[in-house]
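Here the structure comes first, spelled out in C-alpha coordinates, and everything after it is commentary.
The values are calculated or read from the model by the stated rules, or taken from the named source; none is laboratory data. All of these numbers come straight from a predicted model, not from anything done at the bench. Note that each Cβ is placed from the backbone with ideal geometry, even for glycine, and that neighbours are counted across all protein chains shown. For accessibility, only protein heavy atoms count, side chains too; no ligands or nucleic acids. Shrake-Rupley method; radii C 1.70, N 1.55, O 1.52, S 1.80 Å.
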Amino acid sequence: MLTTHKTSTAANVETFYFPDPQNPRNPDGSLNLTRTFVGGGNYLSYERGNSGRRNFYWESSLNYDNTFGDHRVGGLVLFYTSDKTDAFAGDYTTAIPQRYVGLAGRVTYSYKDRYFIEGNVGYNGSETFAPENRYGFFPAFGVGWVPSNEKFFEPIKNVISYLKFRYSDGLTGIGEIGGRRFGYLTIVADNQQGYRFSRDFGYIPGINVTEFGADVKWAQARKQDLGMGVKTLNDKLSFIVDFFKERREGVFLRRASLPTFMGLNNPPYGNLGIVDNKGIDASVEYNGNIGDFQVSVRGNVTYNKDKMVENDQPAPKYEWMDRRGYNILARFGYVAEGLFRDQREIDASAVPGDRSTILPGDIKYKDLNGDGLINSYDMTYIGHGDVPSTVFGFGFGVGYKGFRLDALFTGQAGADIYMAGDAIQPFANGAGISNVFANINDRWTVDNPRQDVFYPRLANGEDRNRNNVQNSSWWIRDADFVRLKTVQLGYTLPKRFLGNVFRNAMIYIQAINPVTFSKFDLWDLESTINVGNGTRYPNIKSYSLGFNVSF
(Lines give C-alpha, C1' and ligand atoms only; values in the text may rest on other atoms or scores of the structure.)
Protein backbone atom coordinates (compact mmCIF):
# COMPACT_ATOMS: atom_id res chain seq x y z
CA MET A 1 0.00 0.00 0.00
CA LEU A 2 1.29 3.42 -0.93
CA THR A 3 -0.09 6.39 0.99
CA THR A 4 0.88 10.00 0.51
CA HIS A 5 0.15 12.88 2.88
CA LYS A 6 0.80 16.26 1.35
CA THR A 7 0.76 19.72 2.82
CA SER A 8 1.30 22.86 0.85
CA THR A 9 1.34 26.60 1.25
CA ALA A 10 0.63 29.17 -1.39
CA ALA A 11 -0.05 32.84 -1.81
CA ASN A 12 -1.83 34.56 -4.69
CA VAL A 13 0.04 37.82 -4.62
CA GLU A 14 -0.31 40.72 -7.00
CA THR A 15 1.96 40.67 -10.06
CA PHE A 16 3.27 43.51 -12.20
CA TYR A 17 5.41 44.09 -15.26
CA PHE A 18 7.30 47.00 -16.79
CA PRO A 19 5.36 48.30 -19.82
CA ASP A 20 8.36 50.36 -20.86
CA PRO A 21 11.64 48.65 -19.87
CA GLN A 22 13.61 51.66 -21.12
CA ASN A 23 11.87 53.90 -18.59
CA PRO A 24 11.36 51.80 -15.46
CA ARG A 25 10.53 54.80 -13.21
CA ASN A 26 7.96 57.57 -13.30
CA PRO A 27 8.99 61.26 -13.05
CA ASP A 28 8.34 61.14 -9.28
CA GLY A 29 10.78 58.26 -8.85
CA SER A 30 8.19 55.53 -8.30
CA LEU A 31 8.32 52.35 -10.34
CA ASN A 32 6.52 52.50 -13.68
CA LEU A 33 4.54 49.28 -13.26
CA THR A 34 1.34 47.86 -14.71
CA ARG A 35 -0.58 45.37 -12.60
CA THR A 36 -1.35 42.11 -14.41
CA PHE A 37 -2.98 40.17 -11.57
CA VAL A 38 -4.99 41.21 -8.52
CA GLY A 39 -3.97 38.87 -5.72
CA GLY A 40 -6.06 37.40 -2.96
CA GLY A 41 -3.84 38.76 -0.24
CA ASN A 42 -0.18 38.81 0.60
CA TYR A 43 -0.31 35.93 3.07
CA LEU A 44 0.20 32.19 2.82
CA SER A 45 -2.66 29.73 2.67
CA TYR A 46 -2.46 26.18 4.06
CA GLU A 47 -3.74 23.03 2.46
CA ARG A 48 -3.47 19.33 3.34
CA GLY A 49 -4.16 16.45 1.01
CA ASN A 50 -4.14 12.66 1.22
CA SER A 51 -3.75 10.12 -1.54
CA GLY A 52 -2.87 6.47 -1.73
CA ARG A 53 -3.37 3.19 -3.54
CA ARG A 54 -3.48 -0.40 -2.38
CA ASN A 55 -1.93 -2.69 -4.97
CA PHE A 56 -2.14 -6.47 -4.72
CA TYR A 57 -0.43 -8.58 -7.37
CA TRP A 58 -0.29 -12.36 -7.17
CA GLU A 59 1.53 -14.56 -9.66
CA SER A 60 2.32 -18.25 -9.84
CA SER A 61 4.09 -20.10 -12.61
CA LEU A 62 5.30 -23.55 -13.60
CA ASN A 63 8.38 -23.87 -15.82
CA TYR A 64 9.78 -26.83 -17.74
CA ASP A 65 13.08 -27.09 -19.63
CA ASN A 66 14.79 -30.29 -20.76
CA THR A 67 17.09 -31.63 -23.44
CA PHE A 68 16.73 -34.96 -25.25
CA GLY A 69 19.78 -35.46 -27.44
CA ASP A 70 19.52 -32.85 -30.21
CA HIS A 71 16.06 -31.79 -29.07
CA ARG A 72 15.31 -29.14 -26.47
CA VAL A 73 11.82 -28.61 -25.10
CA GLY A 74 10.54 -25.90 -22.79
CA GLY A 75 7.22 -24.79 -21.38
CA LEU A 76 5.60 -22.27 -19.08
CA VAL A 77 2.20 -21.88 -17.46
CA LEU A 78 1.56 -18.64 -15.59
CA PHE A 79 -1.44 -17.29 -13.71
CA TYR A 80 -1.76 -13.79 -12.29
CA THR A 81 -4.29 -11.48 -10.64
CA SER A 82 -4.04 -7.76 -10.03
CA ASP A 83 -6.11 -5.59 -7.67
CA LYS A 84 -5.68 -1.83 -7.42
CA THR A 85 -7.75 0.28 -5.04
CA ASP A 86 -7.84 3.99 -4.28
CA ALA A 87 -7.32 4.18 -0.51
CA PHE A 88 -9.12 7.54 -0.31
CA ALA A 89 -11.87 6.96 -2.84
CA GLY A 90 -14.50 9.67 -2.94
CA ASP A 91 -17.25 7.70 -4.66
CA TYR A 92 -18.59 4.19 -4.93
CA THR A 93 -17.14 3.42 -8.36
CA THR A 94 -13.62 4.50 -7.42
CA ALA A 95 -13.80 2.44 -4.21
CA ILE A 96 -14.31 -0.80 -6.17
CA PRO A 97 -10.96 -2.54 -6.76
CA GLN A 98 -9.70 -2.39 -10.32
CA ARG A 99 -9.20 -6.04 -11.17
CA TYR A 100 -7.49 -7.98 -13.92
CA VAL A 101 -6.80 -11.69 -14.22
CA GLY A 102 -4.87 -13.68 -16.76
CA LEU A 103 -3.57 -17.11 -17.74
CA ALA A 104 -0.60 -17.47 -20.09
CA GLY A 105 1.12 -20.48 -21.62
CA ARG A 106 4.24 -20.99 -23.70
CA VAL A 107 5.81 -24.00 -25.44
CA THR A 108 9.26 -23.91 -27.07
CA TYR A 109 11.18 -26.41 -29.17
CA SER A 110 14.58 -26.33 -30.87
CA TYR A 111 16.60 -28.86 -32.85
CA LYS A 112 20.41 -28.73 -32.86
CA ASP A 113 20.24 -24.99 -32.22
CA ARG A 114 19.29 -24.61 -35.89
CA TYR A 115 15.51 -24.65 -35.93
CA PHE A 116 13.29 -22.95 -33.36
CA ILE A 117 9.56 -22.80 -32.84
CA GLU A 118 7.55 -21.21 -30.08
CA GLY A 119 3.84 -20.95 -29.33
CA ASN A 120 2.17 -18.62 -26.85
CA VAL A 121 -1.39 -18.18 -25.66
CA GLY A 122 -2.94 -15.63 -23.35
CA TYR A 123 -6.37 -15.73 -21.76
CA ASN A 124 -7.05 -12.44 -19.98
CA GLY A 125 -10.00 -10.90 -18.17
CA SER A 126 -10.83 -7.24 -17.63
CA GLU A 127 -13.50 -5.42 -15.61
CA THR A 128 -14.06 -3.07 -18.55
CA PHE A 129 -16.33 -5.52 -20.37
CA ALA A 130 -19.64 -7.25 -19.75
CA PRO A 131 -19.49 -10.89 -18.56
CA GLU A 132 -20.00 -12.31 -22.04
CA ASN A 133 -17.07 -10.22 -23.38
CA ARG A 134 -14.91 -10.15 -20.27
CA TYR A 135 -12.25 -12.63 -21.39
CA GLY A 136 -10.11 -12.56 -24.49
CA PHE A 137 -7.96 -15.24 -26.12
CA PHE A 138 -4.70 -14.13 -27.73
CA PRO A 139 -2.46 -16.68 -29.50
CA ALA A 140 0.98 -16.06 -31.01
CA PHE A 141 3.80 -18.09 -32.56
CA GLY A 142 7.39 -17.61 -33.62
CA VAL A 143 9.88 -19.53 -35.76
CA GLY A 144 13.62 -19.18 -36.18
CA TRP A 145 16.40 -20.61 -38.33
CA VAL A 146 20.17 -20.37 -37.85
CA PRO A 147 21.78 -21.18 -41.25
CA SER A 148 25.25 -20.64 -39.77
CA ASN A 149 24.80 -23.91 -37.85
CA GLU A 150 24.09 -25.85 -41.04
CA LYS A 151 26.80 -27.96 -42.71
CA PHE A 152 26.39 -26.18 -46.06
CA PHE A 153 27.34 -22.92 -44.33
CA GLU A 154 30.77 -24.09 -43.16
CA PRO A 155 32.74 -22.86 -46.23
CA ILE A 156 31.80 -19.22 -45.49
CA LYS A 157 31.69 -19.39 -41.70
CA ASN A 158 35.11 -17.75 -41.48
CA VAL A 159 33.48 -14.69 -43.11
CA ILE A 160 30.02 -14.78 -41.50
CA SER A 161 30.26 -16.52 -38.16
CA TYR A 162 26.59 -16.17 -37.22
CA LEU A 163 23.39 -15.75 -39.21
CA LYS A 164 19.83 -16.08 -37.91
CA PHE A 165 16.40 -15.41 -39.37
CA ARG A 166 13.24 -15.21 -37.27
CA TYR A 167 9.56 -14.46 -37.73
CA SER A 168 6.77 -13.96 -35.21
CA ASP A 169 3.05 -13.35 -35.58
CA GLY A 170 0.39 -13.02 -32.93
CA LEU A 171 -2.40 -11.15 -31.19
CA THR A 172 -2.33 -8.97 -28.09
CA GLY A 173 -5.28 -7.44 -26.29
CA ILE A 174 -6.15 -3.95 -25.12
CA GLY A 175 -8.51 -4.12 -22.15
CA GLU A 176 -8.64 -0.59 -20.75
CA ILE A 177 -10.49 2.55 -21.78
CA GLY A 178 -8.64 5.58 -20.54
CA GLY A 179 -10.69 7.35 -17.87
CA ARG A 180 -13.65 4.95 -18.15
CA ARG A 181 -14.30 1.89 -16.01
CA PHE A 182 -17.07 -0.67 -16.57
CA GLY A 183 -17.65 0.42 -20.14
CA TYR A 184 -20.81 -1.69 -20.42
CA LEU A 185 -22.61 0.19 -17.63
CA THR A 186 -24.65 3.37 -18.06
CA ILE A 187 -23.74 6.00 -15.48
CA VAL A 188 -26.30 8.45 -14.11
CA ALA A 189 -25.82 11.38 -11.76
CA ASP A 190 -27.92 14.01 -10.02
CA ASN A 191 -28.78 16.92 -12.24
CA GLN A 192 -29.05 19.84 -9.83
CA GLN A 193 -29.77 22.29 -12.60
CA GLY A 194 -32.61 20.12 -13.84
CA TYR A 195 -34.73 20.54 -16.93
CA ARG A 196 -37.22 23.17 -18.04
CA PHE A 197 -40.85 22.12 -17.88
CA SER A 198 -44.34 23.62 -17.41
CA ARG A 199 -45.77 26.95 -18.56
CA ASP A 200 -43.40 29.05 -16.49
CA PHE A 201 -40.49 27.12 -18.04
CA GLY A 202 -38.91 26.57 -14.62
CA TYR A 203 -36.18 24.16 -13.65
CA ILE A 204 -37.18 20.80 -12.18
CA PRO A 205 -34.36 18.67 -10.67
CA GLY A 206 -33.76 15.22 -12.09
CA ILE A 207 -31.07 12.78 -13.11
CA ASN A 208 -28.56 13.05 -15.89
CA VAL A 209 -27.04 10.27 -17.99
CA THR A 210 -23.35 11.13 -18.07
CA GLU A 211 -22.13 7.99 -19.86
CA PHE A 212 -24.07 5.44 -21.86
CA GLY A 213 -22.95 1.83 -21.59
CA ALA A 214 -21.81 0.09 -24.75
CA ASP A 215 -21.29 -3.50 -25.83
CA VAL A 216 -17.53 -3.09 -26.11
CA LYS A 217 -15.06 -5.97 -26.13
CA TRP A 218 -11.30 -6.47 -26.19
CA ALA A 219 -9.45 -4.46 -28.80
CA GLN A 220 -6.87 -6.52 -30.65
CA ALA A 221 -3.49 -5.81 -32.17
CA ARG A 222 -1.92 -8.21 -34.64
CA LYS A 223 1.85 -7.86 -34.48
CA GLN A 224 4.25 -9.30 -37.05
CA ASP A 225 8.03 -9.16 -37.01
CA LEU A 226 10.64 -10.41 -39.49
CA GLY A 227 14.18 -10.15 -38.16
CA MET A 228 17.75 -11.05 -38.98
CA GLY A 229 20.97 -11.13 -36.94
CA VAL A 230 24.49 -11.26 -38.38
CA LYS A 231 28.01 -11.44 -36.95
CA THR A 232 31.12 -11.15 -39.08
CA LEU A 233 34.82 -10.21 -38.97
CA ASN A 234 35.44 -12.74 -36.20
CA ASP A 235 32.44 -11.44 -34.27
CA LYS A 236 33.87 -7.91 -34.26
CA LEU A 237 31.01 -6.57 -36.39
CA SER A 238 27.38 -7.42 -35.71
CA PHE A 239 24.05 -6.00 -36.73
CA ILE A 240 20.41 -6.77 -36.08
CA VAL A 241 17.50 -5.63 -38.21
CA ASP A 242 13.75 -6.09 -37.66
CA PHE A 243 10.89 -5.25 -39.97
CA PHE A 244 7.68 -4.92 -37.99
CA LYS A 245 4.02 -4.44 -38.76
CA GLU A 246 1.05 -3.94 -36.49
CA ARG A 247 -2.67 -3.56 -37.11
CA ARG A 248 -4.93 -2.53 -34.25
CA GLU A 249 -8.62 -3.19 -34.69
CA GLY A 250 -11.51 -2.36 -32.40
CA VAL A 251 -9.65 0.57 -30.83
CA PHE A 252 -11.81 2.31 -28.21
CA LEU A 253 -13.15 5.60 -29.54
CA ARG A 254 -16.15 7.74 -28.77
CA ARG A 255 -18.62 7.56 -31.59
CA ALA A 256 -18.06 10.50 -33.89
CA SER A 257 -20.78 9.54 -36.37
CA LEU A 258 -23.65 10.39 -34.01
CA PRO A 259 -25.32 13.77 -34.68
CA THR A 260 -25.27 16.37 -31.92
CA PHE A 261 -29.08 16.75 -31.96
CA MET A 262 -29.29 13.39 -30.18
CA GLY A 263 -28.54 15.39 -27.02
CA LEU A 264 -25.85 13.14 -25.55
CA ASN A 265 -23.54 14.61 -22.94
CA ASN A 266 -20.82 12.22 -24.09
CA PRO A 267 -21.03 9.95 -27.12
CA PRO A 268 -20.66 6.30 -26.08
CA TYR A 269 -17.50 4.33 -26.67
CA GLY A 270 -17.24 1.61 -29.26
CA ASN A 271 -14.68 -0.70 -30.89
CA LEU A 272 -14.40 1.70 -33.77
CA GLY A 273 -10.80 2.56 -34.55
CA ILE A 274 -8.35 0.86 -36.90
CA VAL A 275 -4.69 1.88 -36.91
CA ASP A 276 -1.76 0.53 -38.91
CA ASN A 277 1.89 0.72 -37.87
CA LYS A 278 4.89 -0.47 -39.80
CA GLY A 279 8.57 0.25 -39.70
CA ILE A 280 12.10 -0.93 -39.17
CA ASP A 281 14.40 -1.22 -36.18
CA ALA A 282 18.13 -1.75 -36.68
CA SER A 283 21.33 -1.69 -34.67
CA VAL A 284 25.00 -2.16 -35.52
CA GLU A 285 28.10 -2.55 -33.37
CA TYR A 286 31.82 -2.89 -34.05
CA ASN A 287 34.59 -3.62 -31.55
CA GLY A 288 38.13 -4.20 -32.73
CA ASN A 289 41.66 -2.91 -33.22
CA ILE A 290 42.99 -0.91 -36.15
CA GLY A 291 46.74 -0.83 -35.71
CA ASP A 292 47.47 0.62 -32.27
CA PHE A 293 43.95 2.04 -32.00
CA GLN A 294 41.14 0.35 -30.09
CA VAL A 295 37.92 1.27 -31.88
CA SER A 296 34.28 0.76 -30.96
CA VAL A 297 31.35 2.04 -33.03
CA ARG A 298 27.67 1.52 -32.34
CA GLY A 299 24.39 2.86 -33.64
CA ASN A 300 20.67 2.21 -33.70
CA VAL A 301 17.68 3.58 -35.56
CA THR A 302 13.94 3.05 -35.38
CA TYR A 303 11.49 4.21 -38.02
CA ASN A 304 7.71 3.89 -37.65
CA LYS A 305 4.89 5.00 -39.91
CA ASP A 306 1.42 4.96 -38.42
CA LYS A 307 -1.82 5.49 -40.31
CA MET A 308 -5.36 6.10 -39.16
CA VAL A 309 -7.47 3.67 -41.17
CA GLU A 310 -10.82 4.25 -39.44
CA ASN A 311 -11.97 6.75 -36.78
CA ASP A 312 -15.79 6.65 -37.15
CA GLN A 313 -15.92 10.25 -38.34
CA PRO A 314 -18.52 11.01 -41.00
CA ALA A 315 -17.17 11.37 -44.52
CA PRO A 316 -16.26 15.07 -44.85
CA LYS A 317 -17.46 17.29 -47.65
CA TYR A 318 -13.95 17.55 -49.11
CA GLU A 319 -11.34 14.80 -49.16
CA TRP A 320 -8.58 17.03 -47.75
CA MET A 321 -10.54 17.31 -44.49
CA ASP A 322 -10.48 13.56 -43.88
CA ARG A 323 -8.06 12.45 -41.16
CA ARG A 324 -8.09 8.89 -42.41
CA GLY A 325 -4.88 7.99 -44.16
CA TYR A 326 -2.74 10.27 -41.97
CA ASN A 327 -0.85 9.54 -38.78
CA ILE A 328 -2.76 9.61 -35.49
CA LEU A 329 -1.26 12.88 -34.23
CA ALA A 330 -1.47 14.66 -37.59
CA ARG A 331 -2.07 18.40 -37.33
CA PHE A 332 -4.93 19.96 -39.25
CA GLY A 333 -5.40 23.67 -39.88
CA TYR A 334 -5.15 26.40 -42.47
CA VAL A 335 -2.35 26.54 -45.03
CA ALA A 336 -0.52 29.85 -44.65
CA GLU A 337 0.43 31.26 -48.04
CA GLY A 338 2.36 34.22 -46.66
CA LEU A 339 1.49 37.72 -45.46
CA PHE A 340 -0.84 40.22 -47.12
CA ARG A 341 1.18 42.88 -48.91
CA ASP A 342 -1.47 45.56 -49.39
CA GLN A 343 -5.17 46.30 -49.19
CA ARG A 344 -5.72 45.38 -52.83
CA GLU A 345 -4.53 41.81 -52.11
CA ILE A 346 -6.81 41.65 -49.05
CA ASP A 347 -9.84 42.75 -51.08
CA ALA A 348 -9.13 40.07 -53.69
CA SER A 349 -8.59 37.21 -51.20
CA ALA A 350 -10.67 35.03 -48.93
CA VAL A 351 -10.30 35.80 -45.22
CA PRO A 352 -11.66 34.28 -42.00
CA GLY A 353 -14.27 36.44 -40.28
CA ASP A 354 -14.63 40.19 -40.70
CA ARG A 355 -12.61 41.51 -43.66
CA SER A 356 -12.48 44.99 -42.13
CA THR A 357 -10.19 43.71 -39.35
CA ILE A 358 -7.59 42.32 -41.79
CA LEU A 359 -4.65 44.60 -42.55
CA PRO A 360 -1.40 44.30 -44.51
CA GLY A 361 1.03 42.07 -42.63
CA ASP A 362 -1.68 39.62 -41.55
CA ILE A 363 -1.47 35.95 -42.50
CA LYS A 364 -3.05 34.98 -45.79
CA TYR A 365 -4.72 31.54 -45.80
CA LYS A 366 -5.32 29.26 -48.75
CA ASP A 367 -8.93 28.96 -49.92
CA LEU A 368 -8.90 25.26 -50.73
CA ASN A 369 -12.46 24.96 -52.05
CA GLY A 370 -12.49 28.33 -53.79
CA ASP A 371 -15.73 29.56 -52.23
CA GLY A 372 -14.32 32.95 -51.24
CA LEU A 373 -14.41 32.10 -47.52
CA ILE A 374 -11.87 30.79 -45.03
CA ASN A 375 -13.63 28.37 -42.71
CA SER A 376 -13.53 24.76 -41.55
CA TYR A 377 -13.83 23.56 -45.14
CA ASP A 378 -10.33 24.92 -45.77
CA MET A 379 -8.60 22.97 -42.99
CA THR A 380 -6.26 20.23 -44.10
CA TYR A 381 -3.14 18.36 -43.08
CA ILE A 382 -0.38 20.78 -42.07
CA GLY A 383 1.98 18.77 -39.86
CA HIS A 384 3.03 15.36 -38.59
CA GLY A 385 2.86 16.12 -34.88
CA ASP A 386 5.34 16.13 -32.04
CA VAL A 387 6.06 12.37 -31.97
CA PRO A 388 8.95 11.67 -34.38
CA SER A 389 8.74 8.99 -37.02
CA THR A 390 12.47 8.29 -36.63
CA VAL A 391 14.66 8.15 -33.53
CA PHE A 392 18.31 7.25 -33.62
CA GLY A 393 21.52 7.18 -31.66
CA PHE A 394 25.14 6.53 -32.48
CA GLY A 395 28.46 6.70 -30.73
CA PHE A 396 32.09 5.78 -30.91
CA GLY A 397 35.11 5.18 -28.73
CA VAL A 398 38.76 5.41 -29.72
CA GLY A 399 41.68 4.43 -27.50
CA TYR A 400 45.38 4.96 -28.12
CA LYS A 401 48.22 4.34 -25.66
CA GLY A 402 46.32 5.31 -22.55
CA PHE A 403 44.16 8.00 -24.16
CA ARG A 404 40.46 7.38 -24.71
CA LEU A 405 37.81 9.45 -26.49
CA ASP A 406 34.13 8.47 -26.25
CA ALA A 407 31.08 10.24 -27.65
CA LEU A 408 27.35 9.53 -27.85
CA PHE A 409 24.84 11.25 -30.14
CA THR A 410 21.03 11.03 -30.14
CA GLY A 411 18.46 12.54 -32.43
CA GLN A 412 15.05 12.43 -34.05
CA ALA A 413 13.44 13.18 -37.40
CA GLY A 414 9.94 13.47 -38.76
CA ALA A 415 8.50 15.63 -35.97
CA ASP A 416 7.26 19.19 -35.78
CA ILE A 417 6.19 21.57 -33.05
CA TYR A 418 3.25 23.95 -33.02
CA MET A 419 4.15 27.20 -31.32
CA ALA A 420 1.31 28.64 -29.26
CA GLY A 421 0.45 30.18 -25.93
CA ASP A 422 1.26 33.40 -24.12
CA ALA A 423 5.00 32.79 -24.20
CA ILE A 424 5.04 32.61 -28.00
CA GLN A 425 2.13 34.65 -29.30
CA PRO A 426 2.25 38.21 -27.89
CA PHE A 427 -0.95 39.66 -26.45
CA ALA A 428 -2.72 36.31 -26.83
CA ASN A 429 -4.10 36.58 -23.30
CA GLY A 430 -5.06 40.23 -23.61
CA ALA A 431 -2.77 41.31 -20.75
CA GLY A 432 -0.12 42.86 -22.95
CA ILE A 433 2.56 40.34 -22.01
CA SER A 434 5.20 40.05 -24.72
CA ASN A 435 6.89 36.97 -26.08
CA VAL A 436 9.72 35.66 -23.93
CA PHE A 437 11.50 33.34 -26.35
CA ALA A 438 11.84 34.80 -29.82
CA ASN A 439 13.07 38.17 -31.05
CA ILE A 440 10.02 40.42 -30.84
CA ASN A 441 11.69 42.78 -33.29
CA ASP A 442 11.62 40.11 -36.02
CA ARG A 443 8.08 41.00 -37.03
CA TRP A 444 6.23 42.53 -39.93
CA THR A 445 5.95 46.30 -39.86
CA VAL A 446 5.37 48.96 -42.48
CA ASP A 447 9.11 49.60 -42.40
CA ASN A 448 9.94 45.88 -42.42
CA PRO A 449 7.46 44.23 -44.84
CA ARG A 450 9.41 40.98 -45.24
CA GLN A 451 7.64 37.69 -45.88
CA ASP A 452 10.10 35.59 -43.84
CA VAL A 453 9.64 37.36 -40.50
CA PHE A 454 8.99 35.34 -37.36
CA TYR A 455 5.86 37.31 -36.47
CA PRO A 456 3.10 38.68 -38.68
CA ARG A 457 1.56 42.04 -37.81
CA LEU A 458 1.13 42.43 -34.06
CA ALA A 459 -1.68 44.31 -32.37
CA ASN A 460 -3.18 44.69 -28.91
CA GLY A 461 -6.21 46.22 -27.25
CA GLU A 462 -9.11 46.99 -29.57
CA ASP A 463 -6.94 46.07 -32.55
CA ARG A 464 -6.09 42.68 -31.08
CA ASN A 465 -5.46 40.37 -34.02
CA ARG A 466 -7.60 37.24 -34.16
CA ASN A 467 -6.67 36.37 -37.73
CA ASN A 468 -3.05 35.61 -36.93
CA VAL A 469 -3.67 33.16 -34.06
CA GLN A 470 -5.70 30.68 -36.13
CA ASN A 471 -4.35 27.12 -36.31
CA SER A 472 -2.18 27.28 -39.38
CA SER A 473 1.08 26.14 -40.89
CA TRP A 474 2.60 29.57 -40.09
CA TRP A 475 3.26 28.49 -36.49
CA ILE A 476 4.69 25.04 -37.27
CA ARG A 477 8.43 24.48 -36.99
CA ASP A 478 10.67 21.54 -37.82
CA ALA A 479 11.57 19.65 -34.63
CA ASP A 480 14.37 17.47 -36.02
CA PHE A 481 17.63 17.55 -34.11
CA VAL A 482 20.93 15.80 -33.48
CA ARG A 483 22.43 16.20 -30.01
CA LEU A 484 25.83 15.34 -28.65
CA LYS A 485 24.68 13.80 -25.36
CA THR A 486 28.03 12.98 -23.84
CA VAL A 487 31.68 13.30 -24.81
CA GLN A 488 34.62 12.29 -22.65
CA LEU A 489 38.36 12.46 -23.10
CA GLY A 490 40.38 10.46 -20.61
CA TYR A 491 43.94 9.35 -19.95
CA THR A 492 44.84 6.23 -17.98
CA LEU A 493 48.11 6.60 -16.12
CA PRO A 494 50.80 3.98 -16.85
CA LYS A 495 51.28 1.23 -14.27
CA ARG A 496 54.77 2.44 -13.45
CA PHE A 497 53.33 5.61 -11.91
CA LEU A 498 50.90 3.75 -9.68
CA GLY A 499 53.19 1.60 -7.59
CA ASN A 500 51.68 -1.22 -5.56
CA VAL A 501 48.91 0.86 -4.01
CA PHE A 502 46.68 1.56 -6.99
CA ARG A 503 45.41 -0.84 -9.65
CA ASN A 504 44.66 1.95 -12.14
CA ALA A 505 43.96 5.65 -12.29
CA MET A 506 42.40 7.84 -14.95
CA ILE A 507 41.97 11.56 -15.35
CA TYR A 508 39.19 12.77 -17.62
CA ILE A 509 37.20 15.74 -18.85
CA GLN A 510 33.52 15.25 -19.68
CA ALA A 511 30.71 17.29 -21.24
CA ILE A 512 26.98 16.48 -21.13
CA ASN A 513 24.63 18.03 -23.73
CA PRO A 514 27.33 20.41 -24.97
CA VAL A 515 25.88 21.02 -28.45
CA THR A 516 22.68 20.47 -30.43
CA PHE A 517 22.24 20.74 -34.19
CA SER A 518 18.72 21.84 -35.19
CA LYS A 519 16.88 24.41 -37.26
CA PHE A 520 14.82 25.17 -34.16
CA ASP A 521 16.71 27.20 -31.55
CA LEU A 522 14.08 28.80 -29.30
CA TRP A 523 14.16 26.14 -26.59
CA ASP A 524 15.24 22.59 -25.85
CA LEU A 525 13.25 20.20 -28.04
CA GLU A 526 14.17 17.01 -26.20
CA SER A 527 12.51 18.06 -22.94
CA THR A 528 9.65 20.12 -24.41
CA ILE A 529 8.67 18.27 -27.58
CA ASN A 530 4.99 18.12 -26.61
CA VAL A 531 4.86 21.66 -25.24
CA GLY A 532 4.17 24.37 -27.81
CA ASN A 533 5.45 27.29 -25.73
CA GLY A 534 8.67 25.91 -24.26
CA THR A 535 7.54 26.22 -20.65
CA ARG A 536 9.45 23.23 -19.33
CA TYR A 537 12.77 23.04 -17.54
CA PRO A 538 15.32 22.18 -20.24
CA ASN A 539 18.10 19.65 -20.24
CA ILE A 540 21.17 21.21 -18.72
CA LYS A 541 24.69 21.43 -20.05
CA SER A 542 27.45 20.38 -17.71
CA TYR A 543 31.22 20.20 -17.89
CA SER A 544 33.35 18.29 -15.41
CA LEU A 545 36.94 17.37 -14.71
CA GLY A 546 37.44 14.14 -12.80
CA PHE A 547 39.93 11.63 -11.50
CA ASN A 548 39.12 7.92 -11.02
CA VAL A 549 41.26 5.67 -8.86
CA SER A 550 40.92 1.93 -8.23
CA PHE A 551 42.71 0.23 -5.35
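A few remarks follow.
- Annotation: per residue accessible area for segment 117-179 equals 55 Å², rounded to a whole number [probe 1.4 Å, protein chains only].
- Look at the alpha carbon pairs under 8 Å that are at least 6 residues apart: their mean separation over the length of the chain gives a relative contact order of 7 percent.
- In segment 187-283, the portion of solvent-accessible area held by carbon and sulfur atoms comes to 56 percent [1.4 Å probe, whole percent, DNA, RNA and ligands not counted].
- Only Cα sites of segment 40-152 enter the Debye sum here, all with the same form factor; the resulting log10 I(q)/I(0) across q = 0.09, 0.15 1/Å is -0.49, -0.84, listed in q order.
- Cα centre as origin, Lys/Arg/Asp/Glu Cβ charges: segment 43-194 dipole, Debye: 360 debye
- Size of segment 102-246 as Cα extents on the principal axes (Å, biggest first): 97, 29, 17
- At most 16 other Cβ within 10 Å, DSSP loop - chymotrypsin sites (Phe, Trp or Tyr not before Pro), segment 47-138: Phe88
- Counting only lysines at least 8 places from Lys495 when in the same chain, those with an alpha carbon closer than 22 Å to its own are Lys401.
- Diffusion coefficient, µm² s⁻¹, Stokes-Einstein with Kirkwood Rh over alpha-carbon pairs of segment 76-141 at 20 °C and 1.002 mPa s: 148 µm²/s
- Based on protein heavy atoms only, segment 22-112 ends up with 74 Å² per residue of surface accessible to a 1.4 Å probe.
- Percent of alpha-carbon pairs separated by more than 17 Å within segment 286-327: 60 percent
- Förster radius 22 Å - calculated FRET efficiency between Met506 and Lys541, Cβ distance, rounded to 0.05: 0.45
- 16 Å Cα-Cα reach of Lys366 towards aspartates and glutamates, excluding residues that sit fewer than 8 places from it in its own chain: Glu319, Glu337, Glu345, Asp347, Asp378
- Neighbourhood charge, 12 Å Cβ-Cβ cut-off, centred on Arg181 and excluding it, Lys, Arg +1 and Asp, Glu -1: -2
- Among the chymotrypsin sites (Phe, Trp or Tyr not before Pro) within segment 164-262, those in coil by DSSP and having at most 14 neighbouring Cβ atoms inside 10 Å are Phe201.
- Under 18 Å from the Asn133 label point (7 Å along Cα→beta-carbon), backbone N, segment 95-109: 99-101
- Against the empirical curve 2.2 N^0.38 Å, the C-alpha radius of gyration of the chain lands at a ratio of 1.30.
- The 3J(HN,Hα) values that the Karplus relation (6.51, -1.76, 1.60; θ = phi - 60°) gives for segment 392-405 are, in residue order, 8, x, 7, x, 8, x, 10, x, 8, 6, x, 8, 8, 10 Hz. Gly and Pro appear as x.
- A straight Cα-to-Cα reach below 24 Å connects Lys164 with the lysines Lys112, Lys151, Lys223, Lys231, Lys236, Lys245, Lys278, residues fewer than 8 places away in its own chain not being considered.
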